[in-house]
There are 2 protein chains.
Amino acid sequence: MTDGVAERSRPRDRILETAQDMFHKHGIKGVGVDAITEAAGTNKMTLYRHFESKDDLIIECLRATAAKASRIWDEFEAEHPGDKLAQLHAWVRKASELLSADSRGCDMANAAVELTETDHPARRVIKELKEAQREKLVALCRDAGIGQAELLADTLSLLLEGARVSMQSVGAEGPSAQFVRMAESLIASFRAR
Amino acid sequence: MTDGVAERSRPRDRILETAQDMFHKHGIKGVGVDAITEAAGTNKMTLYRHFESKDDLIIECLRATAAKASRIWDEFEAEHPGDKLAQLHAWVRKASELLSADSRGCDMANAAVELTETDHPARRVIKELKEAQREKLVALCRDAGIGQAELLADTLSLLLEGARVSMQSVGAEGPSAQFVRMAESLIASFRAR
DNA sequence: CTAGGGTGTTACCGGTCTGTAACTTTCAGA
DNA sequence: TCTGAAAGTTACAGACCGGTAACACCCTAG
């Protein structure tokens, strides 16, 4: 019941939303399809009428989560129209908000850790989505007038990825607490070149 | 058989070594105790005579892996006696070697991702071990004459942690490819202050 | 009112999981 | 050679897993 998503929308949407939430909280291998359907207020047969398999559901969840996350780029543009540097700082602030105390990190990264089979169908989807995210950040850095845009984007990516996983192992008081300071001074030093 | 560890040592040691290897390769939830004992050339009863439970085995594996990893600090001291700055550069080089193509990342971080129950007994062990590693890197930075030793150590930690998890999601050609360059220029900029 | 697709229900399959019981075998040390 | 502890063997319990079959129901479009 703690994971209940009781809105009366269509079963497929409820399953997708509930699965995203439960995969995020408890991990992919930590949640069974029975638990998902029960929390979504439906049943296993309905799930398998909309999704080929649990793997298929996993993939759709990752796509949905990534699609939701990608909307922040529009928010940045709306908040700071044309000001790409301000948008980059907004990215840092938004990223730091992902490091709240009980964070479970990035769903795609977590999935990559959990799904160890090298030929798992979700792995190429994860790679695709992560590469798309990377390109967006590179473009933002470049448009903000940064000389070595790729290097700054990649460094910021690794810092955030590291912070999100560090949160889960050492907690919020660990190295991830300094993320904003690291990111900001990094941007400053790249701008100075 | 691919995971076989056939040396004729004592069963407990074989189980521990085999479990470390299999947990690392296939993940904790991806390996059952039956598979471990079979690969270790023993049986389940013997495992449960030496370890209270699978959780206990997990903890012992993490401790053993961390103990093995902590020996690199002695290697650094042996290779560059007294030269802490050279040891810091050696750390960067050693860290980059962890980013080889098929890397599965840090066992502790991966375990933290997989074991989502907040009260899982392994979680406090992971935190302890990670904090110990952090303190060693901070001490190295400080002894190398870096002003803001904690900040540099934490930044390097996040970069490495991020690189190791990024390898698993986007692969070796992703942002992690630039790790050495990032780390070195970071050290240089901290030394310049 | 009726037809039919979407949904719910129940039961089941074969497999895997952690963990245990009871018993036999091996083997080193006295 | 005898003894006793460590290790191996077999079988099992009880739970959970992903996935399917067969059937009853509801509810809306015609």
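The values are calculated or read from the model by the stated rules, or taken from the named source; none is laboratory data. Model, not experiment: these values are computed from the prediction. Please note: Cβ atoms are built from the backbone with ideal geometry, for glycine as well, and neighbour counts cover all protein chains shown.
Here are the numbers for the structure shown:
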item: Failed condition for B:Ala95, given (1) more than 7 Å from every other protein chain (Cβ to nearest Cβ); (2) surrounded by fewer than 21 Cβ atoms within 10 Å (Cβ to Cβ); (3) more than 29 Å from A:Glu117 (Cβ to Cβ); result: (3)
item: Any hit, the stretch A:29-39, residues being loosely packed, with under 15 Cβ neighbours inside 10 Å, within 14 Å of chain B (Cβ to nearest Cβ) and at pLDDT 95 or above; result: yes
item: Residues of the stretch A:157-176 satisfying the condition of being of a type outside the set (S, T, N, Q), in contact (Cβ under 8 Å) with a residue 40 or more places away in the chain and part of a helix (DSSP H, G or I); result: A:Leu160, A:Glu161, A:Ala163, A:Arg164, A:Val165, A:Met167
item: Enumeration of residues in the stretch B:26-47 that are assigned to a helix (DSSP H, G or I), more than 17 Å from B:Glu60 (Cα to Cα) and under 24 Å from the mean Cα position of the chain (by Cα); result: B:His26, B:Ala35, B:Ala39
item: The lone exception for A:Ala139 - which of (1) in contact (Cβ under 8 Å) with a residue 40 or more places away in the chain; (2) out of contact with any helix residue (DSSP H, G or I) (no Cβ under 7 Å at 6 or more places or on another chain) it fails; result: (1)
item: Conditions (1) among the small types (Gly, Ala, Ser); (2) crowded, with 16+ Cβ neighbours inside 10 Å; (3) outside any helix (DSSP H, G or I): number failed by B:Ala19; result: (3)
item: Residue list for the stretch B:141-156, restricted to those being within 18 Å of the chain's Cα centre (by Cα) and closer than 16 Å to B:His89 by Cβ; result: B:Ala153, B:Thr155, B:Leu156
item: Search result, residues across the stretch B:152-193 that are of a type in the set (Asp, Glu), farther than 23 Å from A:Glu131 by Cβ and facing chain A (nearest Cβ under 10 Å); result: B:Asp154
item: Filter result (in contact with an Asp or Glu (Cβ under 7 Å, 6 or more places away or on another chain) and not small (Gly, Ala, Ser)) within the stretch B:35-50; result: B:Lys44
